[in-house]
Amino acid sequence: MTDQFTRTRLLIGDAGIERLKNARVAVFGLGGVGSYAVEALARSGVGTLDIIDDDVIALSNLNRLLYATRDNVGQPKTEVVKARIAAICPETVVHAYRCFYLPETADRFDFTQYDYVADAIDTVSGKLQLVMQAHEANVPVISSMGAGNKLDPTAFEVADIAKTSVCPLARVMRRELRKRGIEHLKVVYSKEPPITPEEAEPDGAHQKRQTPGSCAFVPSVAGLIMAGEIIRDLCGIKR
């Protein structure tokens, strides 16, 4: 009988569809990377999704967030994404958390409930805590490295963080994870050297970090690669 997963079933079979239906995946961060990752997971039939982000949609998000439109500027990202998933697959259970994942908020999440964790957040402290928490719970995690200030979507690779190069964020994460006794982490990263934004502006009145440039066709690719890796791993599909 034809259903919305008929074409997916042709590739992964009934067993794969059932595994995805019974899986619970947490997506931390609903920006340019996370927005594409979570929608691909929903469209693939993942039965339960936890979505975590504290931001509202801004006008500057329209150039890259999958769900951002003029109509929902100012609305919480979690609410918009939850409604969008319901419109795509009403059977999907969505747990929405309107908060930023940081070391201070980490205790709100029980990682033992998850079958997979997707890290699409920006802060190094949050990424490190997330990886450590997943590691302690023995839950697989895939982490997105730097997707800002890049223009080549073909430069992305999936690798163990120990084998990454060029990416500044991957270098920092690799060093800090080693200090914490973690040598291995599946990541999506790009070997494209970051571009210096033409008109860099402070990201907040009291912050030294510069706002990165971003576009529609780079973070989206990272997010789709991330979702693809999760689907393959959950279904036990080997390369």
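The values are calculated or read from the model by the stated rules, or taken from the named source; none is laboratory data. Computed from a predicted structure; not experimentally measured. So basically every Cβ, Gly included, is an ideal-geometry build from the backbone, and we count neighbours across all protein chains shown.
Restricting Ala216, Ala227, Ala205 to residues that are part of a loop (DSSP other than H, G, I, E, B) and either at pLDDT below 95 or over 16 Å from Leu151 (Cβ atoms) (or both) narrows the list to Ala205. Does at least one position in the range 152-163 carry a residue that is among the hydroxyl-bearing types (Ser, Thr, Tyr), out of contact with any Asp or Glu (no Cβ under 8 Å at 6 or more places or on another chain) and under 26 Å from Phe217 (Cβ atoms)? Yes, some residue in the range 152-163 is among the hydroxyl-bearing types (Ser, Thr, Tyr), out of contact with any Asp or Glu (no Cβ under 8 Å at 6 or more places or on another chain) and under 26 Å from Phe217 (Cβ atoms).
For Ser165, the criteria (1) part of a loop (DSSP other than H, G, I, E, B); (2) surrounded by fewer than 16 Cβ atoms within 10 Å (Cβ to Cβ); (3) touching a strand residue (DSSP E or B) at 6+ places or on another chain (Cβ under 7 Å) hold in every case but one, which is (3).
Among the residues of the range 59-67, are any buried (at least 19 other Cβ atoms within 10 Å of the Cβ), in contact with a strand residue (DSSP E or B) (Cβ under 7 Å, 6 or more places away or on another chain), under 30 Å from Lys150 (Cα atoms) and not aromatic (Phe, Trp, Tyr)? Scanning the range 59-67 turns up no residue that is buried (at least 19 other Cβ atoms within 10 Å of the Cβ), in contact with a strand residue (DSSP E or B) (Cβ under 7 Å, 6 or more places away or on another chain), under 30 Å from Lys150 (Cα atoms) and not aromatic (Phe, Trp, Tyr).
A count restricted to the range 96-125 and to residues that are touching a residue at least 40 places away in the same chain (Cβ under 8 Å), within 16 Å of Leu30 (Cβ to Cβ) and surrounded by 15 or more Cβ atoms within 10 Å (Cβ to Cβ) stands at 11. Contact map, the range 60-85: first residue free of Cβ contacts under 8 Å to residues at least 40 places away in the same chain and part of a loop (DSSP other than H, G, I, E, B), second residue hydroxyl-bearing (Ser, Thr, Tyr) and surrounded by 15 or more Cβ atoms within 10 Å (Cβ to Cβ), Cβ cut-off under 6 Å, separation 6 or more or different chains; pairs are Leu65/Ser35; Tyr67/Ser35.
Thr78 meets each of the listed conditions (1) over 16 Å from the mean Cα position of the chain (by Cα); (2) surrounded by 17 or more Cβ atoms within 10 Å (Cβ to Cβ) apart from (1).
What about Ala147, is it of a type outside the set (Val, Ile, Thr) and either more than 29 Å from Glu18 (Cβ to Cβ) or more than 20 Å from the chain's Cα centre (by Cα) (or both)? Don't jump to the end; show me each part of the working.
Numbers: of a type outside the set (Val, Ile, Thr): yes; either more than 29 Å from Glu18 (Cβ to Cβ) or more than 20 Å from the chain's Cα centre (by Cα) (or both): yes.
Yes.
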